[in-house]
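First the structure, in the form of structure tokens, and then the observations on it.
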Amino acid sequence: MNYQVDEKGFYGEFGGAFIPEMLYPNIEELRLNYLKITAEPSFKKEFMELLVDYVGRPTPLYFAKRLSEQYNTKIYLKREDLCHTGAHKINNTIGQILIAKRLGKTRIIAETGAGQHGVATATVCALMGLECVIYMGEIDIKRQAPNVARMKMLGAEVRPATSGSKTLKDATNEAIRDWINNPENTYYIIGSVVGPHPYPDMVARFQAVISEEIKAQLEEKEGTEFPDYVIACVGGGSNAAGAFYHFLEDENVNLIAVEAAGKGVESGESAATSILGKMGIIHGSKTLLMQSNDGQITEPYSISAGLDYPGVGPLHSHLHQTKRAEFIAITDDEAMQSGWELSQTEGIIPAIETAHAFAVLNKKQFEPNNIVVINLSGRGDKDLSTYIDYFNLR
Ligand SMILES: Cc1ncc(COP(=O)(O)O)c(C=O)c1O
């Protein structure tokens, strides 16, 4: 079984580039150049230096002793929350800004849900002195206010998306609209393994540093490169793609992708794409998509802005269809309880997106000698107001 993208940009039946004609030259320019550029020694050197000195990589692989005792198994946390800006998103924005510069682009746009990708994009634009416009749903602007302030402080313009559910999908629509109007000077930094080929593959490659490090760190700590389980939450799927990447071909490593069930899979307020979705096209890619019988996209819902998306990247649709990864849906309440538990057990307040991944510990029984790696994709600072309201912490 092959889990890598093929020459036409497909993972099995999923992927491709379904784009308006106006964007064809941009996507084609990227498709023809991304592998060439990223293979250049000067690119590799600059990328690695920034990951080490600016982002703070490698991030630790931390053995969570108290959590392990509680669940009677060996739990390791890959600490992407310790990356500069507070989440894995910056691994990808560093890579893409270096590509944008080499393509001679002067203006950067991006979409954001939780604001982590927006902050990571605004950060690298400040670092490189480039103009930056971030599109963000009106609802997300309210629930992720600290990140909006950070983007502004970093010099980015934040433009609200006011259509649809006023969340990530709508912000992405606006960013694509901007790109169509400014195809010459503008580069679109997509924040997840979504969008037209080559974005899903390019973003997965930049995030693959996560699993590369896990292998080396496990070898040192456990004498094996291979865990029994890797667990990660999935919005579009970039932190999961990065955590899974170097284990995809090792079928003994069980991969668990965790989606947001919102108020319940059958509640009508959910973002559990793998269960509720059918094949469709969203944001330039053929993938699993929540939609009505006549193909209208269903408005998604999750308490976490970063998982509030009606699709998943084409790699994840393929992993679901081939059963290479197990998909588990976690409700808002289950995620919030797990966020509370991790805070009190290990002294780590996770992003609410990440809290969904921890809730799997209550859904699956692991063996005492299993090595379970959970990708801790981001910190909870941005979510404090949601935690405060939910747990009445005033
Ligand atoms: C901390 C965190 N984890 C996970 C996600 C979900 O994105 P992805 O599935 O691309 O990793 C986000 C998105 O904003 C996020 O901020």
Checking Ile139, Ile189 in turn, the sole residue that is buried (at least 22 other Cβ atoms within 10 Å of the Cβ), among the β-branched types (Val, Ile, Thr), touching a Ser or Thr at 6+ places or on another chain (Cβ under 8 Å) and not assigned by TED's automatic domain parsing to the domain that holds Leu289 turns out to be Ile189
Residue satisfying all of: in region 122-141; more than 22 Å from Gln207 (Cα to Cα) and assigned to a helix (DSSP H, G or I); farthest from the ligand (Cβ to nearest atom) among these | Glu138
Give the number of residues within region 349-373 that are within 16 Å of the ligand (Cβ to nearest atom) and buried (at least 21 other Cβ atoms within 10 Å of the Cβ).
-> 12
Single unsatisfied condition, Cys83 versus (1) within 12 Å of the ligand (Cβ to nearest atom); (2) under 30 Å from Asn370 (Cα atoms); (3) touching a residue at least 60 places away in the same chain (Cβ under 8 Å) = (3)
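How many of the residues making up region 291-311 are charged (D, E, K, R) and either out of contact with any Ser or Thr (no Cβ under 9 Å at 6 or more places or on another chain) or buried (at least 24 other Cβ atoms within 10 Å of the Cβ) (or both)?
The qualifying residues number 2.
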Select from region 148-199 the residues that are within 16 Å of the ligand (Cβ to nearest atom) and in a strand (DSSP E or B) and list them in ascending order.
-> Val158, Ala161, Tyr188
Among (1) touching an Asp or Glu at 6+ places or on another chain (Cβ under 7 Å); (2) not in a loop (DSSP other than H, G, I, E, B), where does Ala204 come up short?
-> (1)
Within the bounds of region 254-266, is there any residue that is without any contact (Cβ under 8 Å) to a residue 24 or more places away in the chain and either in contact with a Pro (Cβ under 6 Å, 6 or more places away or on another chain) or surrounded by fewer than 19 Cβ atoms within 10 Å (Cβ to Cβ) (or both)?
-> yes
Only residues that are crowded, with 24+ Cβ neighbours inside 10 Å and touching a Ser or Thr at 6+ places or on another chain (Cβ under 7 Å): list them for region 118-131, please.
-> Gly118, Val119, Ala120, Thr121, Thr123, Val124
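Out of all the residues in region 67-87, is one or more outside any loop (DSSP other than H, G, I, E, B) and surrounded by fewer than 16 Cβ atoms within 10 Å (Cβ to Cβ)?
Filtering region 67-87 for residues outside any loop (DSSP other than H, G, I, E, B) gives 67-71, 74-82, 87.
Add one more test, that the residue is surrounded by fewer than 16 Cβ atoms within 10 Å (Cβ to Cβ), and what stays is 69-70.
Yes, the conditions are met somewhere in region 67-87.
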Out of Gly280, Gly235, sole residue that is within 17 Å of Val193 (Cα to Cα) and more than 19 Å from the chain's Cα centre (by Cα) | Gly280
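Only residues that are among the hydrophobic types (A, V, I, L, M, F, W, C) and farther than 11 Å from Ala260 by Cβ: list them for region 284-311, please. Write out each step before concluding.
The initial filter retains those residues of region 284-311 that are among the hydrophobic types (A, V, I, L, M, F, W, C), namely 288-290, 297, 303, 305, 307.
Of everything in region 284-311, those that are among the hydrophobic types (A, V, I, L, M, F, W, C) and farther than 11 Å from Ala260 by Cβ turn out to be Leu288, Leu289, Met290, Ile297.
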Where residues in region 146-186 are under 19 Å from Leu289 (Cβ atoms) and of a type in the set (S, T, N, Q), which of them is surrounded by the fewest Cβ atoms within 10 Å (Cβ to Cβ)?
-> Ser163
Just one listed residue, out of Leu319, Leu376, Leu315, Leu288, is more than 29 Å from Thr73 (Cβ to Cβ), among the hydrophobic types (A, V, I, L, M, F, W, C) and crowded, with 24+ Cβ neighbours inside 10 Å, and it is Leu288
Just checking, how many residues over region 86-107 are more than 10 Å from the ligand (Cβ to nearest atom) and farther than 20 Å from Asp201 by Cα?
-> 4
For region 345-367, how many residues meet the condition of being in a loop (DSSP other than H, G, I, E, B) and farther than 14 Å from Arg79 by Cα?
-> 5
Checklist (1) assigned to a helix (DSSP H, G or I); (2) within 14 Å of the ligand (Cβ to nearest atom) applied to Leu32, failing item = (2)
Verdict on Val119 being of a type outside the set (D, E, K, R) and within 12 Å of the ligand (Cβ to nearest atom) = yes
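The values are calculated or read from the model by the stated rules, or taken from the named source; none is laboratory data. Please read all numbers here as calculations on a predicted model, not as lab measurements. For neighbour counting, all protein chains shown are included, and Cβ atoms are generated from backbone atoms with ideal geometry for every residue, glycine included.
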